[in-house]
Amino acid sequence: MFSFIKRLFGAPSDLSPILSKGAKLLDMRTESGFKAGNISGSRNIPLDKLNSELQTVKNWNAPVITVCASGRRSAIARNILHTGGVEVYNGGSRLSVKNKYF
């Protein structure tokens with residue numbers, strides 16, 4: 001059941017193949033949350049600014065993995081980016097991704 005829910009929100013069970021393809025990590029938290037702690041090399045676009053920054057993300061020409069504090073904002077961001085034509089995956093919690101892959 002849990003794997004079904006993860007697939008529903010665009011979260012593969014293993015992000016390793018996507019990271020090996022040069023995926024960019026996109027942190028959806030506020031700027032202050034990002035400054036308080038982030039995954040090295042990740043980029044920050046707060047969720048409320050994502051629509052106006054969609055072209056910036058598209059210009060990266062790379063898969064994108066969204067992260068945030070709990071997974072809620074990253075799931076919303078995943079849907080926005082997917083609708084905008086970006087290859088995107090919901091990584092969920094920033095700390096989970098950091099602990100598993102970095």
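The values are calculated or read from the model by the stated rules, or taken from the named source; none is laboratory data. Fair warning: this is a prediction, and the values are worked out from it, not measured in the lab. So basically every Cβ, Gly included, is an ideal-geometry build from the backbone, and we count neighbours across all protein chains shown. Calculation scope for accessible area: heavy atoms of the full protein, side chains included, ligands and nucleic acids excluded. Shrake-Rupley method; radii C 1.70, N 1.55, O 1.52, S 1.80 Å.
Here are some notes:
- The order of the peptides 51-59, 70-78, 28-36 by mean Cβ neighbours within 10 Å, most packed first, is 70-78, 28-36, 51-59.
- A simple packing score, the average count of other Cβ atoms within 10 Å per residue, orders the peptides 91-97, 40-46 as 91-97, 40-46, with the highest score first.
- Accessible area of the chain divided out per residue, in Å², using a probe of 1.4 angstrom: 57 Å²
- Accessible carbon and sulfur surface of region 15-96 relative to its total accessible area, %, 1.4 Å: 48 percent
- Kirkwood radius and radius of gyration were both taken over the C-alpha atoms of the chain, and their ratio Rg/Rh is 0.92.
- Amide H to amide H distances under 5 Å link LEU26 with ARG43, ILE65, THR66, VAL67, where only residues 5 or more positions off or on other chains count and H is placed in the peptide plane.
- In sequence order, region 46-63 has phi-based couplings of x, 3, 5, 10, 5, 4, 6, 9, 4, 5, 4, 5, 4, 5, 5, 6, 8, x Hz under the Karplus curve 6.51 cos²θ - 1.76 cosθ + 1.60, θ = phi - 60°, and Gly or Pro positions carry x.
- log₁₀ of I(q)/I(0) at q = 0.17 Å⁻¹ - region 47-102, Debye sum with one point per alpha carbon: -0.50
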